[in-house]
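The values are calculated or read from the model by the stated rules, or taken from the named source; none is laboratory data. These figures come from a predicted structure and were not determined experimentally. Using ideal geometry, Cβ is built from the backbone for each residue, glycine included, and neighbour counts are taken over all protein chains shown.
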There are 2 protein chains.
Amino acid sequence: MTPERTEPHIPAPPWSSARPRRRARSARPPLDREQIATAGLRIVDQEGADALSLRRLADELGVAPMSIYWHVKDKAELLELIGHQVFAEIEIPPLSGDWRDQLRDLHRAMLAGVLRHPNATDILIGRARYGPGGLALFERILSILLAAGFSPEAAFDAYSSLYLFTLGFTATAGRSPEFREIQRQGVLYLGTLPEDEFPAIRAVAPVIGRRSLDEQFELALDVVVEGIAARLT
Amino acid sequence: MTPERTEPHIPAPPWSSARPRRRARSARPPLDREQIATAGLRIVDQEGADALSLRRLADELGVAPMSIYWHVKDKAELLELIGHQVFAEIEIPPLSGDWRDQLRDLHRAMLAGVLRHPNATDILIGRARYGPGGLALFERILSILLAAGFSPEAAFDAYSSLYLFTLGFTATAGRSPEFREIQRQGVLYLGTLPEDEFPAIRAVAPVIGRRSLDEQFELALDVVVEGIAARLT
DNA sequence: TATTATTACCATACACTGTACGGGAATGCA
DNA sequence: TGCATTCCCGTACAGTGTATGGTAATAATA
């Protein structure tokens, strides 16, 4: 009879960092969720998100495929774990300047953190928000906003705008090189559209490729921050 | 010998609407990319994005699985097609009010269009931007901004902010019911975090669940639009 | 009309995926 | 010593995307 799965992959809360006590085992020390997450992220970084299969991951860990299921319920849970890993690596910058600068610094750090794993964006989207790393960021943003004088309601609204914007940006910008190549071709294509049908796009097309990713982010971030500031007064 | 694939799935541009001339065939009229896209989207809507396999799709079309490959290169291209389909269904509202109102109306329509296919968000993200539907939206947004007096550079920056924000919102909000249930539990969980570690989250937690999706969108959209307006002056 | 080329579709096969099921060795506690 | 728990693994299976090649129907050409 199956041992009825008595403990691990204990997700309650789903990203719980509690893990089985380690035990001296022959040769390799026992797996844990963190090892699994970092190994998974390594594969995603180096070979792309599609390359992450349980067999490939088991290989990387020097373990049989099914062993992973002791620590992780699903492939979905595995992906969640990896998402949390990415957010957990983001280091929150120290506070400096007024609240706008603080917000900008923080979101720059987020962008940088996400861009460190361009192949992982698909995994990140909508998954890592309430993981441990995401919560730390959440807390920081809210505390900046509350300290700036926003009401709880307004602070949450502002956070939503910022978070959703950053998410959107990383979703399109922070993608794998292949994907960005496709996007680039799309942009080039814009200059060849019929002028009578798409006059506005044609008017804007020449200036599109000019901005670097960082510049784009900076400008768009500014828009959101200024919009938030406008709500305060 | 293989016929060397002489024509279709002709993607150049990738979403090209040119399609093989129809031919009177026994019984069923020949497939085309549009049929494939709508059937695929139907499956995604009704059974979720994971249920969309080529065999399932072939079933839906009353066709053998490999037949689809005459019209479509890849599963990736199939997904792209479906993404374009979603955007193509969005009807652009008539212009009314000042440019802010026009922008708001347009983005409300986008949100509504995406929410009509909550299971398709994963497919949409980063795919449909330069498809035919996406271009129409793009053109409209830019023309509003240019007419409002923005320079091409500023117009593109503003468009980026808006687009990325909307994308981010739909990525988290416009998801399948199951997913939203998970998010909801995450939010509830926020109220149980240790107060000394997450004071700001605890302060804000009580007001989080209060806002409807539409309200959240409306408020965040306002932030972005006001931020854009602030740049004009 | 006879011949050939092109178009649209399909059958088979293959490597690979996630994972259900159950077994079994190592360890902790009685 | 015996039992329970912990951790790992072998096997098996249904389902996936798609490479390869074949084949019937139609259009083009002679």
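Residues in segment A:137-185 that are facing another protein chain (nearest Cβ under 7 Å), polar (S, T, N, Q) and in contact (Cβ under 8 Å) with a residue 60 or more places away in the chain: A:161 alone. The residue of segment B:196-210 that is modelled with the lowest pLDDT, among those that are within 31 Å of the chain's Cα centre (by Cα) and surrounded by 17 or more Cβ atoms within 10 Å (Cβ to Cβ), is B:208.
Condition test on residue B:231, is it surrounded by fewer than 20 Cβ atoms within 10 Å (Cβ to Cβ), facing chain A (nearest Cβ under 7 Å), assigned to a helix (DSSP H, G or I) and among the charged types (D, E, K, R)? Criteria met by residue B:231. Quick check: anything in segment B:188-195 in a helix (DSSP H, G or I) and at pLDDT 90 or above? Yes, some residue in segment B:188-195 is in a helix (DSSP H, G or I) and at pLDDT 90 or above. Scanning segment B:168-189 for residues being surrounded by 15 or more Cβ atoms within 10 Å (Cβ to Cβ) and within 19 Å of the chain's Cα centre (by Cα) gives a total of 11. The helices (runs of 4 or more DSSP H) found wholly in segment B:75-185 and carrying at least 2 residues that are acidic (Asp, Glu) occupy B:75-89, B:99-115, B:152-173.
Within segment B:207-226, residues that are without any contact (Cβ under 8 Å) to a residue 60 or more places away in the chain and at the interface with another protein chain (Cβ under 9 Å from one of its Cβ atoms) have Cβ atoms under 8 Å from residues that are hydroxyl-bearing (Ser, Thr, Tyr) and surrounded by fewer than 18 Cβ atoms within 10 Å (Cβ to Cβ) in no pair, counting only partners at least 6 apart in sequence or on another chain.
Of everything in segment B:28-52 that is over 20 Å from the mean Cα position of the chain (by Cα) and surrounded by fewer than 17 Cβ atoms within 10 Å (Cβ to Cβ), the residue that is farthest from DNA strand D (Cβ to nearest atom) is B:32. Taking the criterion of being β-branched (Val, Ile, Thr) and more than 11 Å from DNA strand C (Cβ to nearest atom), the residues of segment B:35-79 that qualify are B:38, B:43, B:44. Could you look through segment A:59-70, keep only residues that are in a helix (DSSP H, G or I) and near DNA strand D (Cβ under 7 Å from one of its atoms), and pick out the one that is surrounded by the fewest Cβ atoms within 10 Å (Cβ to Cβ)? Checking each candidate, the answer is A:66. Which members of segment B:69-83 meet the condition of being within 14 Å of residue B:125 (Cβ to Cβ) and touching a helix residue (DSSP H, G or I) at 6+ places or on another chain (Cβ under 6 Å)? Of everything in segment B:69-83, those that are within 14 Å of residue B:125 (Cβ to Cβ) and touching a helix residue (DSSP H, G or I) at 6+ places or on another chain (Cβ under 6 Å) turn out to be B:79, B:82, B:83. Residue A:180: out of contact with any Gly (no Cβ under 8 Å at 6 or more places or on another chain) and among the basic types (Lys, Arg), yes or no? So residue A:180 passes the test. Out of A:78, A:61, report the one residue that is among the hydrophobic types (A, V, I, L, M, F, W, C) and within 18 Å of the chain's Cα centre (by Cα). The match here is A:78.
Residue-wise test of (1) within 16 Å of DNA strand D (Cβ to nearest atom); (2) more than 12 Å from chain B (Cβ to nearest Cβ).
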{"residue": "A:57", "(1), (2)": "yes, yes"}
{"residue": "A:72", "(1), (2)": "yes, yes"}
{"residue": "A:98", "(1), (2)": "no, yes"}
{"residue": "A:102", "(1), (2)": "no, yes"}
{"residue": "A:115", "(1), (2)": "no, yes"}
{"residue": "A:123", "(1), (2)": "no, no"}
{"residue": "A:130", "(1), (2)": "no, no"}
{"residue": "A:135", "(1), (2)": "no, no"}
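Residues being at pLDDT 90 or above and in contact with an Asp or Glu (Cβ under 7 Å, 6 or more places away or on another chain): count how many of those fall in segment A:125-170. Total satisfying the criteria: 0.
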